[in-house]
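FYI, it's all coordinate maths here, none of it is from the lab. Predicted model only: the values in this text are computed from it and were never measured. A quick note on method: Cβ atoms are made from the backbone with ideal geometry, for glycine too, and the neighbour counts reach across all protein chains shown.
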Amino acid sequence: MSNKLVTPTMNTALQKTPVAIIGLASIFPQAENLQQYWNNIIAEVDCVTDVPLSRWKIDDYYDPDPKAPDKTYCKRGGFMPDIDFNPMEFGLPPNILEVTDVSQLLSLVTAKQAMQDAGYADAAAQIKERAGVILGVGGGQKLITPLTTRLQYPVWNRVLENSGIAKAEREKIIEKMKLAYIPWEENSFPGMLGNVIAGRIANRLDLGATNCVVDAACAASLAAAKMAVSELLEHRADMMITGGVDTDNSIFMYMSFSKTPAFSRNNDIRPFDIDSDGMMIGEGIGMLVLKRLADAERDNDRIYAVIRGIGASSDGKYKSIYAPRAAGQSLAVRRAYEDAGFSPASVGLVEAHGTGTAAGDPTEFAGLNAVFGKDNPKKQYIALGSVKSQIGHTKAAAGSASLIKTALALYHKILPPTLNVSRPNPKMDIENSPFYLNTHTRPWIRPRNAAPRRAGVSAFGFGGTNFHFVLEEYNGEHQGPYRLHSTPRAVYLSAETPDKLLVRCEEELARLQSDAAEEHYANLLDASRLLIMPVSAARVGFISESLAETRQFL
């Protein structure tokens, strides 16, 4: 038997079978949906705020001294807005809501929106049977805390007993304390489990392929997306929902980052800035719908961007389990471009992990520069940024926030901004690198006959886990026929009065009979999906499978 070391050849499956991003949906700080998220990005909105009372009381837990026991020195972060949840919409009994973690419920909403955005909300059973869901999810969910705390009654009893409280009085006090926490019952266990986030989506949306969750800490979303891509490349599925979920900005999470310590003492997050001194955490849910590019073209799906390469690595043996390592990160980045089959020098945008920590940012920059700057004499032409400057570090959902932002940047041909940068950290020596910090929204101009617009997305997690994705704009024309099984779509029109509604219908019919009928039809379907009708409005609605059928109904 030979002991000769054989270096394996890189698997080039993505070069042969690229993967398309065909659907997006999200809930992020100050953004109930995808459109609000993108609007906040390009409008340069800082969505970081003080902790709201609905999460925890600042007076109870805040102390500016990082060493104060059982206190956090950070009182700001990114918080999702309140979202209405109708259990009947998903066939859930209302009595389970109290014992079901909010991450499961809001993930159902987001997954449904992602499928709607992709055009498969009402897909046929044979399509859903080949669709799955793999999500990045952190360890425990918020519901674990009240359920566990409720079980501490023996501790309460001993404290009360040692304080001289009589047994009868102790029992009354303990029963009152238990009422402050949700009860244990048959739905409590599944209601708190992280894997049930994906399981409930598969159950309620009737998906038949793989469903599971992945925990790679702050890189969980990209780890999940890598697994979802593998399902498609191996033809184990034809469509995958992927992304990340993290709704936990509880005091437990603040205490965890305070005692590391990783939080900023500033009122904002400043990735790669000279004054960056830490992160702030955020909540979020981001989901993407993926298909093989050839299938998406065949089915005439809208394509936001194309996944061309994926790289992953471990930091190996290093200083500590949470210390970032430039060599480990650059290994993941280099592998991603080997996977893609083209040079990183052709990239115009890098969405960095960019947490804003004093150690993390220079380390990440060194890892990026080791790959993008190698044999590349060009200076300051690649936009570098981080959405964390706007929404905070959404932990397990961070990679999905970055992927969605980057896919939309490619789709709309926009270079998105990074906020709160006054001057780049001099440790990076960014002026002598291929990178510059893009601090304002700008058009992404590409010279004629140049390579397609390309972007990289990084995410790294505790434990030394590193991921980098390579995305490319989609410029192809759909050559194949429309999908064989057309998905019926809802069409809605409304106006102030019945007479005005009749005029509106006639106008829409005229548009659908014009030379630009296909474009008008697509716009009408999008408008119908987002339409919110006043109660007093005159309205008409119907289900249509095609442009021709819509004309007939009108």
**Message:** Can you work out the Karplus-derived ³J(HN,Hα) for every residue in segment 260-265? Use 6.51 cos²θ - 1.76 cosθ + 1.60 with θ = phi - 60°, whole Hz, and x for glycine or proline.
**Reply:** 5, x, 10, 6, 7, 9
**Asked** Which number comes out as Rg/Rh for the chain once both Rg and the Kirkwood Rh are worked out on C-alpha atoms?
**Response** 1.00
**Asked** Which order do peptides 171-177, 101-107 fall in by mean Cβ count within 10 Å, highest first?
**Response** 101-107, 171-177
**Request:** Place a +1 charge on the Cβ of each Lys and Arg in segment 60-156 and a -1 charge on the Cβ of each Asp and Glu, then give the dipole magnitude about the Cα centre in debye, rounded to the nearest 20.
**Result:** 280 debye
**Item:** Alpha-carbon centroid distance for the pair segment 73-111 / segment 198-271, whole angstrom
**Value:** 16 Å
**Request:** Classify segment 296-357 as rounded, prolate or oblate from the Cα gyration tensor: take a ≥ b ≥ c as the square roots of its eigenvalues, call it rounded if a/c is under 1.5, otherwise prolate when a/b beats b/c and oblate if not.
**Result:** prolate
**Request:** Apply 1/(1 + (r/R0)^6) to the Cβ-Cβ distance of Glu171 and Ala323, taking R0 = 41 Å, and write down the FRET efficiency to the nearest 0.05.
**Result:** 0.25
**Prompt:** Regarding segment 489-553, what is the average projected area of its C-alpha convex hull, in nm²?
**Reply:** 4.0 nm²
**Cα centroid of segment 273-310 to Cα centroid of segment 490-515, whole Å** = 35 Å
**Request:** Quick one: dipole size for the chain, taken about the Cα centre, charges +1 on Lys/Arg Cβ and -1 on Asp/Glu Cβ, in debye to the nearest 20.
**Result:** 1540 debye
**Message:** Just to be sure I understand the model, the point goes 7 Å from the Cα along the line to the Cβ. What's the resulting Asp206 to Asp277 distance in nm?
**Reply:** 5.7 nm
**Message:** Relative contact order for segment 61-210: what percent, with Cα pairs under 8 Å and sequence separation of 6 or more?
**Reply:** 34 percent
**Request:** Report the calculated FRET efficiency for Ala124 and Ser343 (r = Cβ-Cβ distance, R0 = 41 Å), to the nearest 0.05.
**Result:** 0.45
**Asked** Any idea what the relative contact order of the chain is, in percent, if you count C-alpha pairs under 8 Å spaced at least 6 apart?
**Response** 19 percent
**Complete:** Going through Lys75/Lys291; Lys226/Lys388; Lys57/Lys172 one by one, the pairs whose alpha carbons sit over 31 Å apart turn out to be Lys75/Lys291
**Request:** Would you list which aspartates and glutamates come within 20 Å of Lys427, measuring only between C-alpha atoms, while excluding same-chain residues fewer than 8 positions from it?
**Result:** Asp273, Asp275, Asp277, Glu351, Asp361, Glu364
**Request:** Using the charge dipole of the chain (Lys, Arg: +1 at Cβ; Asp, Glu: -1 at Cβ; taken about the Cα centre), state which of Ala522, Gly119, Leu437 has its Cα farthest towards the positive end.
**Result:** Leu437
**Prompt:** Got a sec to turn the phi values of segment 495-501 into Karplus ³J(HN,Hα) couplings, 6.51 cos²θ - 1.76 cosθ + 1.60 with θ = phi - 60°, whole Hz, x for Gly and Pro?
**Reply:** 7, 5, 9, x, 5, 5, 5
**Asked** What dipole magnitude, in Debye to the nearest 20, does segment 489-553 give about its Cα centre under +1 on Lys/Arg Cβ and -1 on Asp/Glu Cβ?
**Response** 240 debye
**Prompt:** Based on the mean of other beta carbon atoms within 10 Å per residue, what is the order of 524-537, 350-363, most packed first?
**Reply:** 350-363, 524-537
**Fill in**
In this structure, the FRET efficiency calculated for Asn39 and Arg158 from their beta-carbon separation, with R0 = 60 Å, to the nearest 0.05, is 0.65
**Message:** Please report the antiparallel percentage of the DSSP beta bridges confined to the chain, to the nearest 5.
**Reply:** 65 percent
